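Scroll down for the structure; my scribbles are underneath it.
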Amino acid sequence: MRKLLLVIILFSFQQLFGQLKPADSIRLENLMKQMTLEEKIGQMNMYTGNIFGDDPVFTADFKYEDLKNGRVGAVLNVNGIKNTKYLQELALQSRLKIPLLFGNDVLHGLHLLFPIPLAEAASWDIGLMEKTARIAAIESSARGNNWFFQPMVDITHDPRWGRVMEGAGEDPYLGSLIAAARVRGYQGNGIGDTTSVMATAKHFAAYGAAIGGRDYNTVDMSNQELWNVYLPPFKAAAEAGASSFMNSFNTLNGVPTTASSYLQRDILKGEWGFRGFVVSDWGSVGDMIAHGYVKDAEGAALAAVTAGCDMDMEDQIYKKYLPKLVAEGKVSMDIIDDAVRRILTKKFELGLFDDPFKFISQERWEKAINNPGHIETARQMGRESIVLLKNEIPEGKTQPVLPLSKNIKTIALIGPHIMSVRENLGFWSPWWPDDSTRIITQYQGIKSKVSANTRLLYAKGCEVSDTSTAGFAEAVRIAKQADVVIMSMGEQFDMSGESRSRSDITFPGVQEALIKAIYATGTPIVMLVNAGRPLVFNWAADHVPAILYTWWLGTTAGGAIADVLFGDYNPSGKLPITFPRSVGQVPIFYNHLSTGKPPKNDSIAYYRTGYIDLMQNPKFAFGHGLSYTTFEYGDFRMSDSTMKTDGSIRVSLSVTNTGKVAGEETVQLYLRDKVGSIARPVKELKDFKKVILKPGEKKRVEFVITPDKLTFYNEQGKQVLEPGEFDVMIGSASDDIRLKGSFLLNDEL
Ligand code: BGC
């Protein structure tokens, strides 16, 4: 049923970005006047450096020539002070001496590696994520880099997709807060600052909805799904002032996003007022030939530039075909000038015209790396990223397995990741010569915690993917001697990331068989799961009493894990994405719509919306994450039972720490719009608060529900606020709602 009243929310965007100083505007216009068409197109051209090493800087000679002749605007994958300086010097030999942009994928740190982005998202600690982004920018901006191809803000519902590790999970609200925080972190006080880099929101758009989770695959999606689920983090990144956007490899409803005027011109540069520039993804202009969208490279150049893609990454297609297309009048000078102005504006904002070498400083680099404060932040981020999935009391015992005592007599350390070094970094991690000495392995982390009298026994047991069970006997032997076993299982670090989708997301190799063998010894097990995605591990999840999801935590991984294992830090992470029971249950996500036959009972045939061979709920729900203490929710109050469309309602509750140790709870507020002009999700996260409580302590938590939390996008992409009834749900996870209320949004009451 349609509601009577429909209020269209109109947005007036603050121009937080793209504002040049008047003197620089004049310089920019003077420069534009002097530029030839070839030089202008040169600014729209980006080349990669040698991704296989630093010498030579380019593997093709023509790139040096293009650089010296003003035919290159930016480079990527050029690392190190020497090479960056060298290329900038070549660019300055060009007639107009326009400095280069140096772009890079710095997904979760450069020298100091932080948890992978999905792991960081599990902390729900927006401020800390901004801080880690800031540190990544401080390090990189000293080493020549002035442009990050981050944040990756793609929502996904598919853990098979390898790139799930790069984003913030499945939720548009949480994803938006994280997107904005990362932009703020990278860009700091503004990109004119020497420690700031330009942020790029990618991949625009809907790349995370690739069919079947297969990378680069087709996306077919309704507009309402696009606007309500996939676009919000991009919008948040644009509002936070992201300097650039990167389009994506996928087609969206038949149109490659690189050629989508709807996305790039209408939405991004039009409705959102974006003043930065759009860069293609690697080769995505030329990919449109394979997509069957254009017949040749010339057609690709025409389609991409017309649709608002300002820079061509590595393809050389703009360079080769835009001059002809302009000469023939197929591409107007206005389009070229707009793209070039956008790119040059950023170069002026960065201050490159005043000092092209400002981001190259050996001295700053040496100061930035190995900074003890930064390392401590990484460890804090690591601790907060860990999710305690389960912590039961083993049979015959009185206490849950975790936290472990530091005085345990014997601990058996088993599994392929106990001794791993670089694996801890996860995918999209540069490797450094000093990695082997500075990365804290899980073994080292544990060793540094336990008493001098504790005996640590170690057996690998098996490799990540091998089929050999030869190591089982030794692992079983040490498990039998131990008071507790810590098993470190999971994926190989490069099983997630770009082009690393998996059809089977269970533990690879013989790991599950090893877990069963160790379980049979009767020694209590704590399992660490190292992965770049949600995995399916039902047997272990049902039998192993204590499980910590540790993702990939970066340089200080072992230290952070040990902090949690031994209770120096009480785990507080919450899943930013749903964990399915099986691959067949994918896609599964918490903020789905209701069917016409909402679940009543899995055993009633015509009310079963799931499968006959599987429970309907996921294995671990969005927002799930336990603590070593317990929290009681109570004393729920709402300031009113009605709200006007320009009003607000305060919702408050008390949270009490009912356990024996201090802990942090993330109190989650979900809303449901009961009736809408389009069906609305069964619940949507709209706010959360983190609250730290000592044992026995009680605090009040308050949320303010404002109209912006009640709006949604209709099929036309218009944000609307529809009066009617809303359910309020407050919980510790999306499947653990503790308090409920409802209110009516209506101006007539
Ligand atoms: C990825 C982008 C990345 C680019 C440059 C592409 O393959 O899709 O995310 O920024 O390469 O490395």
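For (1) open to solvent by less than 50 Å² (accessible area, probe 1.4 Å); (2) farther than 15 Å from VAL279 by Cβ; (3) in a helix (DSSP H, G or I), each residue gets a yes or a no:
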site: LYS295; (1), (2), (3): no, yes, no
site: TYR318; (1), (2), (3): yes, no, yes
site: LYS324; (1), (2), (3): no, yes, yes
site: ALA339; (1), (2), (3): yes, no, yes
site: GLU349; (1), (2), (3): yes, yes, yes
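The rows are residues; the columns are (1) outside any loop (DSSP other than H, G, I, E, B); (2) closer than 21 Å to ALA181 by Cβ.
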| position | (1), (2) |
| --- | --- |
| ASN217 | no, no |
| LYS235 | yes, yes |
| GLN264 | yes, no |
| TRP282 | no, no |
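Across region 532-578, which residue is farthest from GLU395 (Cα to Cα) among those that are acidic (Asp, Glu) and either open to solvent by 10 Å² or more (accessible area, probe 1.4 Å) or assigned to a loop (DSSP other than H, G, I, E, B) (or both)?
Quick first cut of region 532-578, residues acidic (Asp, Glu) only: 542, 563, 568.
Within this subset, residues satisfying the condition of being either open to solvent by 10 Å² or more (accessible area, probe 1.4 Å) or assigned to a loop (DSSP other than H, G, I, E, B) (or both) are 542, 568.
Numbers: ASP542: 14, ASP568: 25 Å.
Among those residues, the one meeting the criterion is ASP568.
Inside region 244-267, can you point out the residues that are within 16 Å of the ligand (Cβ to nearest atom) and open to solvent by 10 Å² or more (accessible area, probe 1.4 Å)?
PHE249, THR251, LEU252 - these are the residues of region 244-267 that are within 16 Å of the ligand (Cβ to nearest atom) and open to solvent by 10 Å² or more (accessible area, probe 1.4 Å).
Based on this model, can you work out whether GLU748 counts as open to solvent by 30 Å² or more (accessible area, probe 1.4 Å) and farther than 25 Å from LEU575 by Cα? Break it down stepwise before answering.
Details: open to solvent by 30 Å² or more (accessible area, probe 1.4 Å): yes; farther than 25 Å from LEU575 by Cα: yes.
Considered against the rule, which asks whether it is open to solvent by 30 Å² or more (accessible area, probe 1.4 Å) and farther than 25 Å from LEU575 by Cα, GLU748 comes out as yes.
So THR306 fits all but one of (1) hydroxyl-bearing (Ser, Thr, Tyr); (2) farther than 29 Å from SER496 by Cα; (3) within 16 Å of the ligand (Cβ to nearest atom); what number is the exception?
(3) is the only condition that THR306 fails.
Please enumerate the residues belonging to region 372-393 that are among the acidic types (Asp, Glu), open to solvent by 30 Å² or more (accessible area, probe 1.4 Å) and part of a helix (DSSP H, G or I). Quick ask: steps written out before the conclusion?
Going through region 372-393, the residues among the acidic types (Asp, Glu) turn out to be 376, 384, 392.
Next cut, open to solvent by 30 Å² or more (accessible area, probe 1.4 Å) only: 376, 392.
Once the filter is applied, which keeps residues that are among the acidic types (Asp, Glu), open to solvent by 30 Å² or more (accessible area, probe 1.4 Å) and part of a helix (DSSP H, G or I), region 372-393 yields only GLU376.
How about region 130-158: which of its residues are over 30 Å from GLN585 (Cα atoms) and in a strand (DSSP E or B)?
Within region 130-158, ARG143, TRP147, PHE148 qualify.
So, in region 34-63, how many residues would count as being farther than 20 Å from PRO356 by Cβ and in a helix (DSSP H, G or I)?
Going through region 34-63 one residue at a time, the tally reaches 5.
If PRO599 satisfies every condition in (1) crowded, with 22+ Cβ neighbours inside 10 Å; (2) touching a helix residue (DSSP H, G or I) at 6+ places or on another chain (Cβ under 7 Å) but one, which is the exception?
(1)
I'd like to verify a number: residues in region 268-287 that are surrounded by 24 or more Cβ atoms within 10 Å (Cβ to Cβ) and away from the ligand (no atom under 14 Å from the Cβ), how many?
Number of matching residues: 4.
Looking at ASN145, ASN104 in this structure, which one is within 16 Å of the ligand (Cβ to nearest atom) and surrounded by fewer than 24 Cβ atoms within 10 Å (Cβ to Cβ)? First the steps, then the outcome.
Details: ASN145 fails: surrounded by fewer than 24 Cβ atoms within 10 Å (Cβ to Cβ).
None of the other options fit; the residue is ASN104.
Being in a loop (DSSP other than H, G, I, E, B), of a type outside the set (D, E, K, R) and either away from the ligand (no atom under 16 Å from the Cβ) or surrounded by fewer than 21 Cβ atoms within 10 Å (Cβ to Cβ) (or both) narrows it down to one of GLY212, GLY190, GLY185, GLY127, so name that one. Please lay out each step first, then the result.
On the way: GLY212 fails: in a loop (DSSP other than H, G, I, E, B); GLY185 fails: in a loop (DSSP other than H, G, I, E, B); GLY127 fails: in a loop (DSSP other than H, G, I, E, B).
Exactly one residue qualifies, and that residue is GLY190.
Here is a yes/no grid of residues against (1) over 21 Å from PHE359 (Cβ atoms); (2) more than 16 Å from the ligand (Cβ to nearest atom); (3) more than 36 Å from the chain's Cα centre (by Cα); (4) surrounded by 18 or more Cβ atoms within 10 Å (Cβ to Cβ):
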residue: PRO22; (1), (2), (3), (4): yes, yes, yes, no
residue: MET32; (1), (2), (3), (4): yes, yes, yes, no
residue: GLU65; (1), (2), (3), (4): yes, yes, yes, no
residue: GLY70; (1), (2), (3), (4): no, yes, no, yes
residue: LEU76; (1), (2), (3), (4): no, no, no, yes
residue: ASN79; (1), (2), (3), (4): no, no, no, yes
residue: LEU87; (1), (2), (3), (4): no, yes, no, yes
residue: ALA91; (1), (2), (3), (4): no, yes, no, yes
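If GLU512 passes every condition in (1) in a helix (DSSP H, G or I); (2) touching a strand residue (DSSP E or B) at 6+ places or on another chain (Cβ under 9 Å); (3) open to solvent by less than 10 Å² (accessible area, probe 1.4 Å); (4) of a type outside the set (Lys, Arg) but one, which one does it miss?
(3)
Only one of GLU120, GLU166, GLU170 is buried (at least 23 other Cβ atoms within 10 Å of the Cβ), within 16 Å of the ligand (Cβ to nearest atom) and not assigned by TED's automatic domain parsing to the domain that holds PHE688; which? Before you say what the answer is, go through the steps one by one.
Details: GLU120 fails: within 16 Å of the ligand (Cβ to nearest atom); GLU170 fails: within 16 Å of the ligand (Cβ to nearest atom).
One residue alone meets the criteria, GLU166.
Could you say whether any residue in region 360-371 is over 30 Å from GLY559 (Cα atoms) and surrounded by fewer than 21 Cβ atoms within 10 Å (Cβ to Cβ)? Write out each step before concluding.
Narrowing region 360-371 to residues over 30 Å from GLY559 (Cα atoms): 360-361.
Retained after the next criterion (residues that are surrounded by fewer than 21 Cβ atoms within 10 Å (Cβ to Cβ)): 361.
Within region 360-371, one or more residues are over 30 Å from GLY559 (Cα atoms) and surrounded by fewer than 21 Cβ atoms within 10 Å (Cβ to Cβ).
Filter the strands (runs of 3 or more DSSP E) completely within region 630-734 down to those with at least 1 residues that are open to solvent by 30 Å² or more (accessible area, probe 1.4 Å).
Details: elements: 631-638, 649-657, 663-673, 684-693, 698-705, 719-721, 724-733.
Result: 631-638, 649-657, 663-673, 684-693, 698-705, 724-733.
The values are calculated or read from the model by the stated rules, or taken from the named source; none is laboratory data. Nothing here was measured: the structure is a model prediction, and the numbers come from that model. Positions of Cβ are generated from backbone atoms using ideal geometry, with glycine treated the same way; all protein chains shown enter the neighbour counts. The area values use the complete protein model at the heavy-atom level, side chains included, leaving out ligands, DNA and RNA. Shrake-Rupley method; radii C 1.70, N 1.55, O 1.52, S 1.80 Å.
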